[in-house]
1. Taking Arg378, is it away from ligand 1 (no atom under 16 Å from the Cβ), of a type in the set (D, E, K, R) and under 30 Å from Val349 (Cβ atoms)?
2. Of these, Leu554, Leu574, Leu590, which one is closer than 30 Å to Ile222 by Cβ and buried (at least 21 other Cβ atoms within 10 Å of the Cβ)?
3. Within the stretch 296-306, is even one residue among the basic types (Lys, Arg) and not assigned by TED's automatic domain parsing to the domain that holds Thr517?
4. For the stretch 309-325, state whether one or more residues are modelled with pLDDT of 95 or more, among the hydroxyl-bearing types (Ser, Thr, Tyr), part of a strand (DSSP E or B) and open to solvent by 10 Å² or more (accessible area, probe 1.4 Å).
5. Does the stretch 255-275 hold any residues that are surrounded by fewer than 24 Cβ atoms within 10 Å (Cβ to Cβ), more than 15 Å from the chain's Cα centre (by Cα) and assigned to a helix (DSSP H, G or I), and which are they?
6. For the stretch 65-108, give me every one of the strands (runs of 3 or more DSSP E) that falls completely inside it and has 1 or more residues that are within 9 Å of ligand 1 (Cβ to nearest atom).
7. Inside the stretch 205-227, can you point out the residues that are open to solvent by 20 Å² or more (accessible area, probe 1.4 Å) and small (Gly, Ala, Ser)?
8. From the list Val113, Val33, Val59, pick out the single residue that is open to solvent by 20 Å² or more (accessible area, probe 1.4 Å), more than 15 Å from ligand 1 (Cβ to nearest atom) and at negative phi.
Amino acid sequence: MWLLIALLWLAVWAAGTYWYLFGKPSGFSLESVRPPGPREFDQKKRDKIIKQGFSANKVPENLDVIVIGSGIGGLTAAATLAKAGKKVLVLEQHDQAGGCCHTYIEKGFEFDVGLHYIGQVHENSLLRIAFDQISEGQLEFQELNPHFDTIVIGQGGDKREYTIVSGKTEMKSHLMKQFPDDTEAIETFFKIMKVSAKKTHYLATLKLIPQWLSLFLLKSGIANLVSPVFRLSGTCATDFVNNLTKNKDLQVLFSYFFYGVPPKDSSLLINALLFHHYKRGAYYPKGGASEIAFHIIRTIQNHGGDCLVRAPVSQILVDDKGAAYGVKVRRGPEEVEVRAPVVVSNCGVFTTFEKLLPPEIQVKQEIQDRLNMMKHGRGSLLVFSGFDGTEEELGLVSTNFWLYKDNDMDKSMDAFFAMSKDEAPDNIPMMFVTVPSAKDPEAKLRHPGKSCMTILTMVKYEWFEEWKDTTVRKRGDEYHDYKMRFAKNLFDWACTLFPKIKDKLVFQDVATPLTNTHYLGSQRGAMYSAEHNLERFYAEAVVKNRCNTPVKNLYISGQDVFSCGIAGALHGGLLCASTVLDHIVYIDLLLLKKKLKRRKAKELAQLAQKKLQ
Ligand SMILES: Cc1cc2nc3c(=O)[nH]c(=O)nc-3n(C[C@H](O)[C@H](O)[C@H](O)COP(=O)(O)OP(=O)(O)OC[C@H]3O[C@@H](n4cnc5c(N)ncnc54)[C@H](O)[C@@H]3O)c2cc1C
Ligand SMILES: *[C@@H]1O[C@H](CO)[C@@H](O)[C@H](O)[C@H]1NC(C)=O
């Protein structure tokens, strides 16, 4: 047995070394990172990049890769492939690129739709290096107040407030101060966070090496000997947390980043990773979320590719041999064919397999097997509010608020999602409140004297389904009144946190699951595409849910590959690019990290010497 393990290890090591030495280089390099240029404030110039409409004559010739969907996942895959020498075209159905990273401006207020804070972008972190590569150093992040989240549990007189701060050691010690009787539980949870953060790449690697090998490593138990991460991934968060502590409030805190699945149906690994994500600080893109697409598209263009919007892909073209060779783009009544030997889909597994593949391919068992592994995720409801007044005048802060009416998340979420359409708006169990204008230091320059707030909760698609065939902005009074019932309750609840906003409200808009379907092309209004349920994170499911698909030359990118979040989807893009290139681009990133570390050490040494002289 041990001999076999040793032999296998040697084989994997040899293969890895071969890849490392002879694999095609990805095009990532320190030289491609420039110091950030001045911010482009001219909306027209910005629109030229992020709102370039599709027409057949704008399609570059001799394309190597088509990417469907311009979310962070698709753009990451596209920029990585472009830098590796591929000619790439990104096609986006909306009139603006960016997917969840797009922003919209209405009456002088700018709202981001799917980026409220991001972690792990401190200097020389792997994620930061990846961002620098795909934006050629142009993306800048503002570190937020170390006190980045407040969690309020309970209502009325029985309200408890907890605060979360970032910091290598402060995060843990600050939590311990608030739960002095549970220091051991917190210690254990932070150990789990550390293992999760350090070893999740093992799980990701299982998606890159041949599937049979991954399954063998798991089934033989070898994987579990190597690291506990494979088991953590399939461990139920509630089961684990209940064993840690009897304190119900602390149990909530261990799972407070709510992404649509109650803790009893979620993976301990994912919940721990989310907590860890902000340990070294919470950040916000300077200039707003739209900077992300703006700069990554420029990288793609610099390497001969492009991104075209108003380009809804209606079908992936598949030849007699079962290989993808292009897509059809809908232009009014017509359809335009765009061809390329590789198609990357970043619009989710459900859209890709159920809507875009030709019917005769969809019915194939391998496709159905992939679909059966995933469920549709929950929908979201967002209230966008605009105020006349600065954050100082209104008492607004950059800290996010998570409010939970009850400290039994499993029970309250189940109860809510079991409610009828009519009961739901008056019984919302949780919400997230965030003030984007207080995070971006440049928001004051772009929109002086104005502040904006986004409130978010998760809802069931079925409550809104009856209006699914109506058109956006013309869905009728009944729909409007129904969504406003949610909005009023949420906004009143937010006013308990920030009483001064009530009289200064000058703009309000409400997004429902149907809004997600329209602007993000999501199925059943899902907020994070496929559901992040526990079964999805069983190690074997992680292996099978890979970037290659049963259709040759068709690859999956984005949040459905591993996990949601800007970081999660970006990794989905890197994993996808690695699969397409047959070269693990993470190796290049790690090499860059080493070089940067050395460079930094040198700089520090020189500085020290100068001081001495
Ligand atoms: C309200 C909200 C708040 C969030 N907050 C945070 C946060 O604070 N921090 C964080 O890290 N993450 C957050 N997230 C999650 C994060 O934004 C997403 O997980 C991530 O951006 C998804 O990226 P993606 O590239 O996989 O998909 P998307 O960004 O969804 O991109 C998919 C793209 O495909 C396009 N598309 C779909 N169908 C077609 C078609 N047929 N043809 C052409 N194009 C098509 C869509 O229009 C879309 O642009 C939030 C998400 C939401 C919705
Ligand atoms: C919780 O504790 C019980 C009893 O000790 C044990 O059987 C179970 O495996 C534990 N669950 C987890 C997820 O650690």
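1. Working: away from ligand 1 (no atom under 16 Å from the Cβ): no; of a type in the set (D, E, K, R): yes; under 30 Å from Val349 (Cβ atoms): yes.
For Arg378, the condition - away from ligand 1 (no atom under 16 Å from the Cβ), of a type in the set (D, E, K, R) and under 30 Å from Val349 (Cβ atoms) - is not met.
2. Leu574
3. At the first step, the residues of the stretch 296-306 found to be among the basic types (Lys, Arg) are 298.
In the following step, the residues that additionally are not assigned by TED's automatic domain parsing to the domain that holds Thr517 were identified as 298.
Scanning the stretch 296-306 turns up at least one residue that is among the basic types (Lys, Arg) and not assigned by TED's automatic domain parsing to the domain that holds Thr517.
4. Yes; the residues of the stretch 309-325 include at least one that is modelled with pLDDT of 95 or more, among the hydroxyl-bearing types (Ser, Thr, Tyr), part of a strand (DSSP E or B) and open to solvent by 10 Å² or more (accessible area, probe 1.4 Å).
5. Matches in the stretch 255-275: Lys264, Asp265.
6. On the way: elements: 65-68, 88-91, 103-106.
Where strands (runs of 3 or more DSSP E) fall fully within the stretch 65-108 and carry at least 1 residues being within 9 Å of ligand 1 (Cβ to nearest atom), they are 65-68, 88-91.
7. Answer for the stretch 205-227, where residues must be open to solvent by 20 Å² or more (accessible area, probe 1.4 Å) and small (Gly, Ala, Ser): Ser220, Gly221.
8. Details: Val113 fails: more than 15 Å from ligand 1 (Cβ to nearest atom); Val59 fails: more than 15 Å from ligand 1 (Cβ to nearest atom).
Every option except Val33 fails the conditions.
The values are calculated or read from the model by the stated rules, or taken from the named source; none is laboratory data. All of these numbers come straight from a predicted model, not from anything done at the bench. Note that each Cβ is placed from the backbone with ideal geometry, even for glycine, and that neighbours are counted across all protein chains shown. SASA here: full protein model, heavy atoms, side chains in, ligands and nucleic acids out. Shrake-Rupley method; radii C 1.70, N 1.55, O 1.52, S 1.80 Å.
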